[in-house]
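The values are calculated or read from the model by the stated rules, or taken from the named source; none is laboratory data. In this text the structure is predicted, and so the values were computed from the model without any measurement. FYI the Cβ positions are ideal-geometry reconstructions off the backbone, even for glycines, and counts take in every protein chain you see.
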Amino acid sequence: MIQSESKKGAWVDELPVVLWCLRTTPSHATGETPFNMVYGLEAVLPAEAGLPTYINWGSKYKHLMARTYNQRMSNKQFKVGYLVLRLYSITHPKDRDKMSPKWEGPYRISRMIGPGTYKLERMNGDRIPRTWHASNLVK
């Protein structure tokens, strides 16, 4: 008998596994498993029966999450000359609280750098020094 002082009372969690082992181990006297004697068939593990495993559930859940994310993500594209607002918390990271504004602007799209990245300018024509991603902009 093995005893563990650190896991007293944890035997209840292990009971189903121990019972499964006892029920599926052949007896020396009969040569049969108790499970076979009671039910007349061999015990089948869930993995052997083709039931979905946690790994299969995980991959299905991952695909579901990716599909949901992709459906919710809008592919924002702006044209040169559009008026946009930019995310306030990007330019003022220390002023982020519930009462601070979410967007600031308006700004004009002056140039498209790449897919989803833009150069902005103020309404008076002053250029903003950095590029902005479409996820930080809104019409």
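Go through the residues of segment 73-91 one by one and say whether even a single one is in a loop (DSSP other than H, G, I, E, B), surrounded by 14 or more Cβ atoms within 10 Å (Cβ to Cβ) and not hydroxyl-bearing (Ser, Thr, Tyr).
Yes, segment 73-91 has at least one match.
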Pairs where the first residue, in segment 7-34, is in a helix (DSSP H, G or I) and the second is surrounded by 11 or more Cβ atoms within 10 Å (Cβ to Cβ) and among the acidic types (Asp, Glu), C-beta under 7 Å, 6+ apart: none
Positions within segment 99-110 being at pLDDT 90 or above and of a type in the set (Lys, Arg), in sequence order: ARG108
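Out of all the residues in segment 118-139, which are among the polar types (S, T, N, Q) and part of a strand (DSSP E or B)? Break it down stepwise before answering.
So the first thing to find is which residues in segment 118-139 are among the polar types (S, T, N, Q), and the list is 124, 131, 135-136.
Matches in segment 118-139: THR131 only.
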Cβ pairs under 6 Å, 6+ apart, first in segment 106-127 and among the hydrophobic types (A, V, I, L, M, F, W, C), second part of a strand (DSSP E or B): ILE109/TYR118; MET112/TYR118; ILE113/THR131; LEU120/TYR107; LEU120/ILE128; LEU120/TRP132
